[in-house]
Amino acid sequence: MRLILCGFGVVGQSLAKLLESRSEDLYARFGLKPRIVGVFDTKGSAVESAGLDLSKLINVKKKYGTIKKYSSSKNNLSGVDLIKSLDADVLVETTASNYKDAEPGMTHITEAMKHGLHVISVNKGPLALAFPSLMELAIYNQVLLRFSGTVGGGTPILDYAKNSLLGERIVSFEGILNGTTNYILTNMTNGMSFKDALNDAKQKGYVEADESLDLDGLDAAAKLVILANWVMELKVTMPDIKRTGIRNVSADDIKNAAKKNCAVKLIASCNKELIVSPREISLDDPLCVNGTLNAISFTSEHSGTQTIIGRGAGGIETASSIIRDLLDIRQEISKI
Ligand code: HSE
């Protein structure tokens with residue numbers, strides 16, 4: 001399978017490392033031989049139709065901070081140039097999420113689908129702003145759109161709800177979908193001020209470059225949009241979410257919750273309404289996980305409530321979700 005990789009940040013580099021280290025295993029176990037034929041970062045591009053040398057790509061990025069120096073030719077191409085000029089099967093979109101216009105990811109995804117490429121996106125922006133129309137575009141162009149890394153990172157939350165609960169009717173769900181705010185609230189529960197807890201999270205590298213995405217609940221809301229569309233088949237986008245972040249959670253709120261044997265958590269819920277908001281959760285509830293963990297409880301008509309807990313972020317974890325999506329795409333196209 002020939003891949004075009006959009007973005008070569010933490011997730012893109014982790015994917016290259018994972019493909020390199022797992023290439024024999026992927027081939028032996030699944031007959032999968034992915035080759036990255038084109039990649040770009042903010043400063044330039046690298047192209048090799050037979051497949052880029054992944055060790056060299058990673059070393060060049062480490063040495064120069066960009067993959068532009070991989071080769072002296074075709075090193076200035078944009079994502080759209082790569083889509084138009086290369087023979088490829090799958091576009092992997094890993095550029096940063098934004099919730100204003102979702103660019104450049106939106107253009108990468110739509111152009112790729114129009115050119116007949118399947119798409120794997122770990123970028124939440126395009127899905128949060130236009131999930132229903134992107135799904136329609138995929139169907140119209142007879143391509144597959146996969147995005148399991150957008151919710152839960154390496155923890156297969158979307159697959160669990162869609163496939164493991166196949167045939168069930170999920171009536172509601174609620175979860176902690178943002179690791180950074182969970183880390184901050186956990187620290188506050190342990191006595192830290194909001195400011196100190198935020199600084200600690202920043203030092204550990206958890207907070208998004210635009211801190212508002214975490215603190216104001218945009219990241220959690222984007223994940224809620226994706227879940228609501230994929231799992232509940234609701235045709236919703238970001239403006240449909242009622243959203244409150246954690247900036248106004250006070251030490252008193254945390255103390256009052258503790259008196260009731262509860263903790264304050266940023267909860268994304270789908271139950272008649274779609275809401276992201278800080279809420280008191282009983283310490284006995286399996287949803288009440290600490291640190292950077294994510295957790296989600298699905299309530300189904302006949303199977304009761306089930307909770308999945310796992311790490312919701314991280315380069316290598318998210319890269320592993322891309323491999324999962326690649327295998328899924330290969331399995332789907334082999335049925336045709
Ligand atoms: N900022 C996100 C989080 C990263 O803290 O969960 C993963 O989407």
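The values are calculated or read from the model by the stated rules, or taken from the named source; none is laboratory data. Keep in mind that this is a model prediction, so the values were computed, not measured. Positions of Cβ are backbone-derived with ideal geometry, glycine not excepted, and every protein chain shown enters the neighbour counts. Note: areas computed on protein heavy atoms with side chains; ligands, DNA, RNA excluded. Shrake-Rupley method; radii C 1.70, N 1.55, O 1.52, S 1.80 Å.
Among the residues of region 303-318, the ones that are within 11 Å of the ligand (Cβ to nearest atom) and either part of a helix (DSSP H, G or I) or modelled with pLDDT of 95 or more (or both) come to 3 in all. Once region 134-148 is narrowed to residues that are open to solvent by 10 Å² or more (accessible area, probe 1.4 Å) and either assigned to a helix (DSSP H, G or I) or aliphatic (A, V, I, L, M) (or both), the residue that is farthest from the ligand (Cβ to nearest atom) is Tyr140. Look through region 36-64, keep the residues that are part of a loop (DSSP other than H, G, I, E, B) and open to solvent by 50 Å² or more (accessible area, probe 1.4 Å), and return whichever of them is nearest to Pro104 (Cα to Cα). Among them, the one singled out is Thr42. Is it true that some residue in region 65-86 is aromatic (Phe, Trp, Tyr), assigned to a helix (DSSP H, G or I) and open to solvent by 60 Å² or more (accessible area, probe 1.4 Å)? No. Screening Lys33 on (1) assigned to a loop (DSSP other than H, G, I, E, B); (2) charged (D, E, K, R); (3) within 23 Å of the chain's Cα centre (by Cα) shows it passes everything except condition (3).
Just one of the listed residues (Asp101, Asp53, Asp89) is in contact with a strand residue (DSSP E or B) (Cβ under 8 Å, 6 or more places away or on another chain) and not hydroxyl-bearing (Ser, Thr, Tyr), namely Asp89.
The rows are residues; the columns are (1) among the β-branched types (Val, Ile, Thr); (2) within 13 Å of the ligand (Cβ to nearest atom).
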{"position": "Asp159", "(1), (2)": "no, no"}
{"position": "Ser193", "(1), (2)": "no, no"}
{"position": "Asp196", "(1), (2)": "no, no"}
{"position": "Asp200", "(1), (2)": "no, no"}
{"position": "Ala209", "(1), (2)": "no, yes"}
{"position": "Ile226", "(1), (2)": "yes, yes"}
{"position": "Leu234", "(1), (2)": "no, no"}
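Considering only region 178-191, how many residues are more than 16 Å from the ligand (Cβ to nearest atom) and not in a helix (DSSP H, G or I)? Here the count works out to 2.
The rows are residues; the columns are (1) in the same structural domain as Lys242 (by TED's automatic domain parsing); (2) free of Cβ contacts under 8 Å to residues at least 60 places away in the same chain; (3) not hydrophobic (A, V, I, L, M, F, W, C).
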position: Ala268; (1), (2), (3): yes, no, no
position: Glu273; (1), (2), (3): yes, yes, yes
position: Leu293; (1), (2), (3): yes, no, no
position: Ser297; (1), (2), (3): yes, no, yes
position: Thr305; (1), (2), (3): yes, yes, yes
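When we screen Gly116, Gly125, Gly175 for residues that are within 16 Å of the ligand (Cβ to nearest atom), at pLDDT 95 or above, of a type outside the set (A, V, I, L, M, F, W, C) and not assigned by TED's automatic domain parsing to the domain that holds Leu283, the only hit is Gly125. In this structure, Glu93 does not qualify as surrounded by fewer than 17 Cβ atoms within 10 Å (Cβ to Cβ) and modelled with pLDDT of 95 or more. Filtering region 280-294 to residues that are touching a Cys at 6+ places or on another chain (Cβ under 8 Å) and either within 15 Å of the ligand (Cβ to nearest atom) or part of a strand (DSSP E or B) (or both) leaves Glu280, Ile281, Ser282.
In region 95-105 there is no residue matching the filter, namely being under 23 Å from Lys335 (Cβ atoms), polar (S, T, N, Q) and touching a helix residue (DSSP H, G or I) at 6+ places or on another chain (Cβ under 9 Å).
Of Glu103, Glu93, which residue is in the same structural domain as Gly7 (by TED's automatic domain parsing), out of contact with any Lys or Arg (no Cβ under 8 Å at 6 or more places or on another chain), closer than 20 Å to Thr237 by Cβ and more than 15 Å from the ligand (Cβ to nearest atom)?
From the options Glu103, Glu93, the qualifying one is Glu103.
Between Asp253, Asp210, Asp200, the distinction of being assigned to a loop (DSSP other than H, G, I, E, B) and surrounded by fewer than 19 Cβ atoms within 10 Å (Cβ to Cβ) belongs to Asp210 only. Listed by first and then second residue, the pairs with beta-carbon distance under 7 Å, at least 6 apart or on different chains, first residue in region 228-246 and closer than 16 Å to Val276 by Cα, second open to solvent by less than 50 Å² (accessible area, probe 1.4 Å) and acidic (Asp, Glu), are Gly245/Asp216.
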